[in-house]
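Down below is the structure, laid out as structure tokens.
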Amino acid sequence: MGPVYIKQINIYPVKSTAGIVLKDSMVCDRGLQYDRFWMLIDEKNHFLSARKFNKMVLIQSQISKNNLTLSAPGMNNLSLPLLGFSGPRLYVQIWKDECSAVYCGKEAQDWFSNFLGTSARLVYMPSDSRRRVDPKYTDGQRPVSFVDGYPFLLISEASLADLNARLGTPLEMARFRPNLVIEGCQPYEEDTWKIIRVGAIRFQFVKPCSRCVITTIDPKTATAGKEPLRTLAAYRSNQGKVYFGQNLVHMEQGLISAGMPVEILS
């Protein structure tokens, strides 16, 4: 086995929408900076997901020094400030959690609602909002953004290559929405790791990632099929759930970059 290293870093600024590939990123208290800092909610303040609204995967983000710019097929671009939202506070629900968020205004609401064909309000998680990591596999004290449960998802290129060898049509890594893509290890070797270090930051592996129907949605067309869940279920299932990738929490903050070596500590 050769050296293991970070091949790609991805963030998903608006939950359930397309990701951005970064050369480097700051790891802050909640995870990668700007990763799921925004989320769409319905009229009852419950989060919206591509599980139900497949077209969400077609919404693209770009981040500049001061703005988040959103684009989608048939829509004019929408530009929003990265920081400094002054809208009213709401309590929003994401899975079993409830936390404070800032409403991002009617322009954003109209933009998302028009594209998705349903009432969709954009909210932002301010720095003083308190949502904690899923306590089932952790101490439950770490802050997280609007992620499903944990601040990081890691998948190796080798694991995807092994899955693609079993599929009739190979899939891109974008289907699986990882934050960290690594290269240089054996297929599913990441399942055996407990702690790794990238630069000055240690990451603790907390649980395998159970996969949902979002992985069956083509990120380029928003059409859904049966793969990869059907194939994964044949060899990556346990107690009725299908697993691919590993959820991590971070133990320090700082900068990580693509190309950095991954040190397996345990």
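The values are calculated or read from the model by the stated rules, or taken from the named source; none is laboratory data. In this text the structure is predicted, and so the values were computed from the model without any measurement. In this analysis, Cβ positions are derived from the backbone assuming ideal geometry, glycine residues included, and neighbour counts consider all displayed protein chains.
Considering only segment 132-150, I want to know if a residue exists there that is out of contact with any helix residue (DSSP H, G or I) (no Cβ under 7 Å at 6 or more places or on another chain), buried (at least 20 other Cβ atoms within 10 Å of the Cβ) and farther than 14 Å from Val249 by Cα.
Scanning segment 132-150, I find at least one residue that is out of contact with any helix residue (DSSP H, G or I) (no Cβ under 7 Å at 6 or more places or on another chain), buried (at least 20 other Cβ atoms within 10 Å of the Cβ) and farther than 14 Å from Val249 by Cα, so the answer is yes.
Would you point out the residue of segment 230-248, among those that are farther than 18 Å from Val181 by Cβ and polar (S, T, N, Q), that is surrounded by the most Cβ atoms within 10 Å (Cβ to Cβ)?
Thr231
Testing Asp110 on (1) more than 17 Å from the chain's Cα centre (by Cα); (2) farther than 19 Å from Val14 by Cβ, one condition comes back false. Which one is that?
(2)
Which one of Tyr34, Tyr12, Tyr5 is touching a Lys or Arg at 6+ places or on another chain (Cβ under 7 Å) and either touching a residue at least 40 places away in the same chain (Cβ under 8 Å) or over 30 Å from Cys185 (Cα atoms) (or both)? Please lay out each step first, then the result.
Working: Tyr34 fails: touching a Lys or Arg at 6+ places or on another chain (Cβ under 7 Å); Tyr5 fails: touching a Lys or Arg at 6+ places or on another chain (Cβ under 7 Å).
On inspection, the qualifying residue turns out to be Tyr12.
Would you confirm, using the coordinates I've provided, whether Ser49 is surrounded by fewer than 20 Cβ atoms within 10 Å (Cβ to Cβ), within 20 Å of Asn10 (Cα to Cα) and in contact (Cβ under 8 Å) with a residue 60 or more places away in the chain?
On the way: surrounded by fewer than 20 Cβ atoms within 10 Å (Cβ to Cβ): yes; within 20 Å of Asn10 (Cα to Cα): yes; in contact (Cβ under 8 Å) with a residue 60 or more places away in the chain: yes.
So Ser49 fits the description; yes.
Just a yes or no: is a residue in segment 127-145 out of contact with any Leu (no Cβ under 8 Å at 6 or more places or on another chain), in a strand (DSSP E or B) and among the acidic types (Asp, Glu)?
Looking only at segment 127-145, we keep the residues that are out of contact with any Leu (no Cβ under 8 Å at 6 or more places or on another chain), and these are 127-145.
Okay, now just the ones that are also in a strand (DSSP E or B), so 132, 143.
Restricting the remaining residues to those that are among the acidic types (Asp, Glu) gives none.
No; the residues of segment 127-145 include none that is out of contact with any Leu (no Cβ under 8 Å at 6 or more places or on another chain), in a strand (DSSP E or B) and among the acidic types (Asp, Glu).
How many of the residues making up segment 11-31 are buried (at least 21 other Cβ atoms within 10 Å of the Cβ) and under 10 Å from the mean Cα position of the chain (by Cα)? Quick ask: steps written out before the conclusion?
Residues of segment 11-31 that are buried (at least 21 other Cβ atoms within 10 Å of the Cβ), as a first pass: 12-19, 25, 27, 30-31.
If we keep only those that are under 10 Å from the mean Cα position of the chain (by Cα) too, we end up with 12-19.
Adding up the residues that qualify gives 8.
Would a scan of segment 78-93 turn up a residue that is assigned to a loop (DSSP other than H, G, I, E, B) and touching a Pro at 6+ places or on another chain (Cβ under 8 Å)?
Step one: filter segment 78-93 for residues assigned to a loop (DSSP other than H, G, I, E, B), giving 82-88.
Now narrow it down to the ones that are touching a Pro at 6+ places or on another chain (Cβ under 8 Å): 85.
Scanning segment 78-93, I find at least one residue that is assigned to a loop (DSSP other than H, G, I, E, B) and touching a Pro at 6+ places or on another chain (Cβ under 8 Å), so the answer is yes.
If Glu227 satisfies all but one of (1) farther than 26 Å from Asp134 by Cβ; (2) surrounded by 14 or more Cβ atoms within 10 Å (Cβ to Cβ); (3) out of contact with any helix residue (DSSP H, G or I) (no Cβ under 8 Å at 6 or more places or on another chain), what's the number of the condition it fails?
(3)
Considering every residue within segment 95-102, establish whether at least one is in contact with an Asp or Glu (Cβ under 9 Å, 6 or more places away or on another chain), farther than 19 Å from Ser16 by Cβ and free of Cβ contacts under 8 Å to residues at least 40 places away in the same chain.
Yes; the residues of segment 95-102 include at least one that is in contact with an Asp or Glu (Cβ under 9 Å, 6 or more places away or on another chain), farther than 19 Å from Ser16 by Cβ and free of Cβ contacts under 8 Å to residues at least 40 places away in the same chain.
Checking Phe112 against (1) in a helix (DSSP H, G or I); (2) not assigned by TED's automatic domain parsing to the domain that holds Ser86, which test does it fail?
(2)
For segment 192-205, name all the residues that are in contact (Cβ under 8 Å) with a residue 60 or more places away in the chain and surrounded by fewer than 19 Cβ atoms within 10 Å (Cβ to Cβ). Talk me through it step by step, then tell me what you get.
Initially, segment 192-205 is screened for residues in contact (Cβ under 8 Å) with a residue 60 or more places away in the chain, giving 193-199, 201-202.
Matches in segment 192-205: Lys194, Ile195, Arg197, Gly199, Ile201, Arg202.
Which of the residues that make up segment 175-191 are of a type in the set (Lys, Arg) and either buried (at least 21 other Cβ atoms within 10 Å of the Cβ) or within 17 Å of Ile256 (Cβ to Cβ) (or both)?
Here is the first cut: in segment 175-191, the residues of a type in the set (Lys, Arg) are 175, 177.
Hit for segment 175-191 is Arg177, nothing else.
Residues that are buried (at least 16 other Cβ atoms within 10 Å of the Cβ) and of a type outside the set (A, V, I, L, M, F, W, C): does segment 165-174 have at least one?
No, that holds for no residue.
Somewhere in segment 188-204, is a residue under 19 Å from Ala174 (Cβ atoms), assigned by TED's automatic domain parsing to the domain that holds Asn164 and touching a strand residue (DSSP E or B) at 6+ places or on another chain (Cβ under 8 Å)? First the steps, then the outcome.
The first filter runs over segment 188-204 and keeps only residues under 19 Å from Ala174 (Cβ atoms), leaving 190.
Next, from what is left, pick out any that are assigned by TED's automatic domain parsing to the domain that holds Asn164: 190.
Of the ones still in play, those that are also touching a strand residue (DSSP E or B) at 6+ places or on another chain (Cβ under 8 Å) are 190.
Yes, the conditions are met somewhere in segment 188-204.
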